[in-house]
1. If you take just the strands (runs of 3 or more DSSP E) that sit entirely in the range 18-135, which of them hold at least 3 residues that are touching a residue at least 60 places away in the same chain (Cβ under 8 Å)?
2. Residue by residue through the range 426-443, note down the ones that are within 28 Å of Ser522 (Cα to Cα), more than 16 Å from ligand 2 (Cβ to nearest atom) and not in a loop (DSSP other than H, G, I, E, B).
3. Taking the criterion of being within 38 Å of the chain's Cα centre (by Cα), assigned to a helix (DSSP H, G or I) and of a type in the set (Val, Ile, Thr), would at least one residue in the range 256-274 satisfy it?
4. For the range 465-488, does any single residue satisfy the condition of being surrounded by 14 or more Cβ atoms within 10 Å (Cβ to Cβ), within 16 Å of ligand 2 (Cβ to nearest atom) and part of a helix (DSSP H, G or I)?
5. Give all pairs with beta carbons closer than 7 Å in which a residue from the range 544-555 that is outside the structural domain of Phe184 (by TED's automatic domain parsing) and within 16 Å of ligand 1 (Cβ to nearest atom) meets a residue that is in a loop (DSSP other than H, G, I, E, B) and modelled with pLDDT of 90 or more; count only pairs at least 6 apart in sequence or on separate chains.
6. Exactly one condition in (1) more than 9 Å from ligand 1 (Cβ to nearest atom); (2) in contact with a helix residue (DSSP H, G or I) (Cβ under 8 Å, 6 or more places away or on another chain); (3) over 20 Å from Ile384 (Cα atoms) is false for Val436; which is it?
7. Take Leu431 and decide whether it is buried (at least 16 other Cβ atoms within 10 Å of the Cβ) and more than 20 Å from His461 (Cβ to Cβ).
8. Anything in the range 21-43 that is touching a helix residue (DSSP H, G or I) at 6+ places or on another chain (Cβ under 6 Å) and either modelled with pLDDT under 95 or farther than 12 Å from Phe104 by Cα (or both)? List them, or say none.
Amino acid sequence: MWDFSFFICLIFVKKSKMLFSIIIPVYNRPDEINELLESLCVTTYKHKFEVVIVEDGSTIKCEEIVSKYQDKLQISYYYKENSGPGDSRNYGMKKAKGEYFLIFDSDCIIPPNYLQEVENELTHDYVDCFGGPDKALKSFSTIQKAINFAMTSFLTTGGIRGGSEKLEKFQPRSFNMGISKQAFLASQGFGNIHPGEDPDLSIRLWKMGYKTRLFVKAFVYHKRRIDWDKFSIQVSKFGKARPILNHWYPEYAKIMFWLPTLFVLGFYFSLFMLVFLIDIPIKLYFIYFVFIFVVSAIQNKSLKIGAYSIIAVWKQFFGYGQGFLESFFRINILRQTPQEAFPNLFFAQQITDIEKPNEQIVTENTTVKKELIKSKIIGITGGIGSGKTTVAKYLMHLGYPVYISDIEAKNVMQQKNVLLQIVEKFGSAILDTKGVLQREKLASIVFNNPEKLSQLNAIVHPAVKQHFIEWLKNNQDKPIVFKEAAILFESGSYKDCDFIITVTAPMQQRIERVMKRDNTTSEKVVQRINNQISDEERIAKSNFVISNTTLKETEKQIFEILEILKNK
Ligand SMILES: CC(C)(COP(=O)(O)OP(=O)(O)OC[C@H]1O[C@@H](n2cnc3c(N)ncnc32)[C@H](O)[C@@H]1O)[C@@H](O)C(=O)NCCC(=O)NCCS
Ligand SMILES: Nc1ncnc2c1ncn2[C@@H]1O[C@H](COP(=O)(O)OP(=O)(O)OP(=O)(O)O)[C@@H](O)[C@H]1O
């Protein structure tokens, strides 16, 4: 995904435009925001950057705190309904003006050289998504330092987060990560699971061909949960989220994810062995915890932190391990859906910045008052070969009424009055000896000549629109109907839709799929692509994106979207 545009952008950014937008979701934590903003005020970074604070439906707001920093930082504050951290970050990224988004949790403190370190890394070896490590500050409480040890030490599963550069596919964590605007638009950012929204995003980015990397020097001071109970709840949720991610992306499941569970089962087994007076296993556990104590005490120069680290590691393993086991059982054995198994891990995703539905659907001859049509109209679009018809047909199979414009257009074009207009414009050579439209011939004319294409569109689109309205009237008792169209935006028919789904797939895959489906050449497919808008443009105007790489994942995304739409 790396291209020279980033260099150009960087040079441009330094002169005028802004590179970085810092996005911080916050929920009931004004004090944390104060410390975070204070730390940003002393940055050594010389260029313009902005801070976007998204208050996620808090009852204790940080608006007043933020206003204190209006003179020192370029800062915006948004308050919205509670929809979870992932969606709040997405909300902030949609509002942001920068080209690269830096995301922090509100409980972070940013070192002065952070922004410069990130810019150096991006200039040296660009990547569309990165993550940074976390460290504890001297001023942190004993519990915070012990938790930090448990979450980052090589003696626990935390080692991978702290500093290993070897990881090719580092999964950034949302407390300290960055993502380019382009990758955000393409992926639509975080999903509605929490926690786990960060690995979910990384995996989706990888599948789209983006890379992720660890920026070792771009660390933040991360306070983490301040008491034991909150920490236990958090790690248990991490444990529950993991089998869900494994279920969604089995190819990314690792045996290592089982370690805490094995640790817990091993512990119970060791206790059981005591019944037979076999105490070696329990002694091994004892030695491990002594080791934790010694290493943490030396590292933190405190016996107390060493002792507290034993509690932290214990809570980490047991919270995560038991959560993992429960989740594995529900998802893989009881075959519950993740939402059924753990509804509290899912936020109903807010859909931000939706264009107000049009009051009317207007064609040359007919005006349908939108209030007479009770159905929600969901547009499905995507470039050629993205798989929008595949998605449309799947929805049909689920029983939803779906209008597939390509297919309907073909019928409409056979109508006498429409065919006559086409012949008038393109000549009778466009018909075969039996008077049937030769589509391939027409295609070779219009996809080589934008003017001719718009002439054809001007004939076909109004007729299709008229036909769609009749179809809509026949389905007005249905709460949700779908309209699939390749050129939903180009034709303006997106304005009739209440929500829009864009289907995407990597370009090469799209070309290969169409070559195979239509037995055609890549040149011909590319010709059509050149007559359509880009995925980026489609995505920016859509409410949902389906990344259609495998049918299984597409199915999953369809169900997630349906779940949200049913509640809208
Ligand atoms: C030129 C025509 C006859 C070629 O027919 P053909 O059977 O080869 O293609 P088909 O209609 O099945 O479309 C296949 C794909 O081509 C692309 N495509 C079709 N029309 C257009 C267009 N006007 N602009 C850009 N891309 C288009 C889309 O990705 C579409 O899904 C046909 O595409 C056509 O009439 N297009 C103009 C009408 C139109 O816009 N139809 C699309 C749905 S309203
Ligand atoms: N996830 C997938 N895995 C494998 N093949 C797929 C997948 N999705 C779609 N296909 C195949 O790719 C081809 C293109 O898909 P489809 O016809 O749905 O695309 P489209 O976006 O409607 O294209 P067009 O713009 O040409 O109408 C079809 O042959 C379809 O069967």
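1. 20-26, 100-104, 129-131
2. Passing the criteria: Phe426, Ala429, Ile430, Leu431, Leu437, Lys441.
3. Yes, there is a match, as at least one residue in the range 256-274 is within 38 Å of the chain's Cα centre (by Cα), assigned to a helix (DSSP H, G or I) and of a type in the set (Val, Ile, Thr).
4. no
5. The qualifying pairs are Asn548/Ser386; Asn548/Gly387; Asn548/Ala505.
6. In the conditions (1) more than 9 Å from ligand 1 (Cβ to nearest atom); (2) in contact with a helix residue (DSSP H, G or I) (Cβ under 8 Å, 6 or more places away or on another chain); (3) over 20 Å from Ile384 (Cα atoms), Val436 misses (2) alone.
7. yes
8. Pro30, Asn34, Thr43
The values are calculated or read from the model by the stated rules, or taken from the named source; none is laboratory data. Computed from a prediction, not measured in an experiment: that's the story for all the values here. With ideal geometry, Cβ positions are generated from the backbone for all residues, glycine too; neighbour counts draw on all protein chains shown.
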